[in-house]
Amino acid sequence: GREIPIVHRVIKVHEREESAEVDILTKGDNNFGDDRLLYAHGQLWLHQHHIMGRAVGFLPYVGWVTIIMTEKPFIK
């Protein structure tokens, strides 16, 4: 899988009856479809060990600072 953390919303949770496993599907707010194309080859779901944290709030447009600093290094 990828080593870059992705901050996206959980859109579907599938709890398996036969085990305690939970399958999780995510989606970026501005993306048309779910994130399965970003998952490792052949992986259809994320699992709890893939989840690094939980958002408790949000600051609109703050992420643009990181994007601009990455794409325009002279601004750093």
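Applying both filters, DSSP loop and at most 12 other Cβ atoms within 10 Å, to the chymotrypsin sites (Phe, Trp or Tyr not before Pro) of the range 1-73 gives 32, 58, 61. Which value results for Rg/Rh of the chain when Rg is the Cα radius of gyration and Rh the Kirkwood radius based on the inverse mean 1/r? Here Rg/Rh amounts to 1.04.
None of the figures in this text is laboratory data; all of them are computed from the coordinates on show. From a predicted model like this one, the values you see are computed outputs, not experimental measurements. Here the Cβ is made from the backbone with ideal geometry for all residues, glycine too, and neighbour counts use every protein chain on show.
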